[in-house]
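One structure is given below, encoded as structure tokens.
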Amino acid sequence: MKITALAGGVGGAKLAHGFSKLLDSNEFNVIVNTGDDFEHFGLYISPDMDTVCYTLAELSNSKTGWGRENESFNVLETIKELGGPEWFILGDKDIAYHLERTRKIKMGYSLTRTSLELERALGLKHKIFPMCDEKVSTFVDTVELGEIPFQEYFVKHKCQPIVSGFRFNGIGSARITEEAKNSLEQADIVVICPSNPFVSISPIISLEGVREILKQKYVIAVSPIIGGAAVKGPLAKMLNELGWDIHPRSILRMYQDFLNCFYIAPEDFDEDIKNNASGIIVKEENIFLPNINSRKKLAFNIINHMKEIQH
């Protein structure tokens, strides 16, 4: 069985971590959002790629979910002393990773080749693909500040501005990489991890041809909303400000044209979501993923569901 996951951010990385513990390198790949990528101090930074890679390599900071464990911040402290911008927190080990990525890209390597080489250096056995090699930049349209880059909204302004929309600059000329496309086409299941659908999943499925591939696949999604709240990040706030219900039914609505099965928390299961699923299987499951055991259990249950469907 081959599974390809679509992921971005901490929630997506957690479920991908579970699958990586159960499936061999030829059975599981991840395609990651790169709409969050940006340059800072001249370094090419890919936050979602880094979060997924660090999590699968078991190097991530368990308290924050992003960055690296046992990190030092000597460079950042010196930047503060010099009066430089300190809003984006970079640890020393993290900076080394960005330096090497930037060096390879300046040598002419594609983002995909660069990422795969860095993953091998981290000892990762599963391939983690960027969604595209071209630059795509997520912008958040806000009431107070107008349109601002996602990282400024997310980190600098701590998600406080009121959201009125999103734009993926460059998405029209970007193309899903051959590696990522092949991974999707060869997959028996595509799993949409519990990532923010607006800013982590939408950039991936907005690439030309991706929705068409998904419509031909068995697609399973895991809700990033549990009990009227996002486990992590600004999704609940975004849903509210855009006039959507803070409930898995809103996520179902976003994915309904290609979705086959949807995992939600037991407390969110009601007759309304059951009656409006339009042929989509809705499964009640513990989708809170604080540790490796819960991640492996959910991944195992998803794999078992697919085995049942195939028989």
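Considering only the range 217-237, state which residues are surrounded by 21 or more Cβ atoms within 10 Å (Cβ to Cβ), in contact with a Cys (Cβ under 9 Å, 6 or more places away or on another chain) and not in a strand (DSSP E or B).
Of everything in the range 217-237, just one residue is surrounded by 21 or more Cβ atoms within 10 Å (Cβ to Cβ), in contact with a Cys (Cβ under 9 Å, 6 or more places away or on another chain) and not in a strand (DSSP E or B), namely 224.
As an exercise: evaluate residue 201 against (1) buried (at least 19 other Cβ atoms within 10 Å of the Cβ); (2) without any contact (Cβ under 8 Å) to a residue 24 or more places away in the chain and give the number of the one condition it does not meet.
Going through the list (1) buried (at least 19 other Cβ atoms within 10 Å of the Cβ); (2) without any contact (Cβ under 8 Å) to a residue 24 or more places away in the chain, residue 201 breaks only (2).
Filter the range 153-164 for residues that are without any contact (Cβ under 8 Å) to a residue 40 or more places away in the chain and crowded, with 16+ Cβ neighbours inside 10 Å; which is nearest to residue 207 (Cα to Cα)?
153
Which is out of contact with any strand residue (DSSP E or B) (no Cβ under 7 Å at 6 or more places or on another chain), surrounded by 13 or more Cβ atoms within 10 Å (Cβ to Cβ), of a type in the set (A, V, I, L, M) and within 25 Å of residue 204 (Cβ to Cβ), of 76, 118?
Unique residue meeting the criteria: 118.
Within the range 56-67, identify whether any single residue is among the aliphatic types (A, V, I, L, M) and out of contact with any His (no Cβ under 6 Å at 6 or more places or on another chain), and answer yes or no.
There is at least one residue in the range 56-67 that is among the aliphatic types (A, V, I, L, M) and out of contact with any His (no Cβ under 6 Å at 6 or more places or on another chain).
Is one or more of the residues making up the range 119-138 over 30 Å from residue 172 (Cβ atoms), of a type in the set (Lys, Arg) and modelled with pLDDT of 95 or more?
Taking the range 119-138 as the starting set, the residues that turn out to be over 30 Å from residue 172 (Cβ atoms) are 120-126.
The next check asks that each one be of a type in the set (Lys, Arg); those that pass are 120, 125.
Still in the running and modelled with pLDDT of 95 or more: 120, 125.
Yes, that holds for at least one residue.
Output the residue which, of all residues in the range 8-34 that are closer than 20 Å to residue 113 by Cβ and buried (at least 24 other Cβ atoms within 10 Å of the Cβ), is farthest from the chain's Cα centre (by Cα). Spell out the reasoning first.
Taking the range 8-34 and keeping what is closer than 20 Å to residue 113 by Cβ, we get 25-26, 29-34.
Then drop every residue that is not buried (at least 24 other Cβ atoms within 10 Å of the Cβ), which leaves 29-34.
Working: 29: 13, 30: 9, 31: 8, 32: 6, 33: 6, 34: 9 Å.
Result: 29.
The values are calculated or read from the model by the stated rules, or taken from the named source; none is laboratory data. Just so it is clear, the model here is predicted, and its values are computed rather than measured. Positions of Cβ are backbone-derived with ideal geometry, glycine not excepted, and every protein chain shown enters the neighbour counts.
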